[in-house]
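The values are calculated or read from the model by the stated rules, or taken from the named source; none is laboratory data. Given the structure is predicted, the values throughout are model-derived calculations rather than measurements. Cβ coordinates were reconstructed from backbone atoms using ideal geometry, including for glycine residues, and neighbour counts include every protein chain displayed.
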Amino acid sequence: MGYIAEAKRLGFDRVQFTGGEPLLHPQIAGFVTSARRIFGDVGVTTNGTHLPRRSTELFDAGISRVHVSLQAESLELANADTWRVPADLVEAADWLSNHGVVVRFNLPIAIDALDKAQEFLFATRASAWRFNLFALLPTPFAPIQGHPDYLRHLSTIAREASDGWNAGKEPRVTIRGYVSPSGVRCPSCQQRSRCTEQSRSLRLGVDEILRPCLASREWDIHPKDGSLVERMRAATLLAIDW
Ligand code: SF4
């Protein structure tokens, strides 16, 4: 927990356990409990497969948010024409929401799935769930994903699906689109041409490598690079682009 305590001292405001798949780890609940002794907001990002089995354990450990990353294929299993969250996941998500845990679904939305996404968000409006819609990145093979109408349509869907939502300050539906990297070190970064987003978080790997930029390994800080306090300070300054 040395890293997490140091993160608190440096001003971070929440901890999120990610993966791989964090719910495969037998001690994930213990990690959440330990992190909650330091941070008020502690979450996991999961593919949802083990959430029905582990949601009670996570709640008892003090989890405050669960982000479920789904693909369109997972939503199409029940019905090919309409997206549906699998029944056991609905039960777990509702149970957690009803117990005050923020449940958010992360959904990548392709340009040909905009109508299905709109229907899906309308059909789930009675739930307490939140959604983060991920715009797909343009590639040389699918440049259409970067078409301005795609992002505009996605924004409209998110805004309309959030209308009337009054649970807290965050909108019900948010978008993760493209953010042009504009940090002071970005012009000199070798990965600038491939980078589509300037991250404002700091990732700690199980190998204790600190990653201030998710788009690149160029700025990684390794255990040999100094003491924990020195490395956390350096990585934080990079992450916030000081
Ligand atoms: S990887 Fe980091 S430093 Fe490089 S362009 Fe992206 S945000 Fe900037």
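Is it true that some residue in the stretch 84-101 is crowded, with 19+ Cβ neighbours inside 10 Å and assigned to a loop (DSSP other than H, G, I, E, B)? Yes, the stretch 84-101 contains a residue that is crowded, with 19+ Cβ neighbours inside 10 Å and assigned to a loop (DSSP other than H, G, I, E, B).
Of the residues making up the stretch 159-183, those that are at pLDDT 85 or above and either within 12 Å of the ligand (Cβ to nearest atom) or basic (Lys, Arg) (or both) are Arg159, Arg172. Checking each residue in the stretch 197-230 for being part of a loop (DSSP other than H, G, I, E, B), more than 12 Å from the ligand (Cβ to nearest atom) and over 23 Å from Phe134 (Cβ atoms) picks out Val206, Asp207, Glu208, Ile209, His222, Gly226, Ser227.
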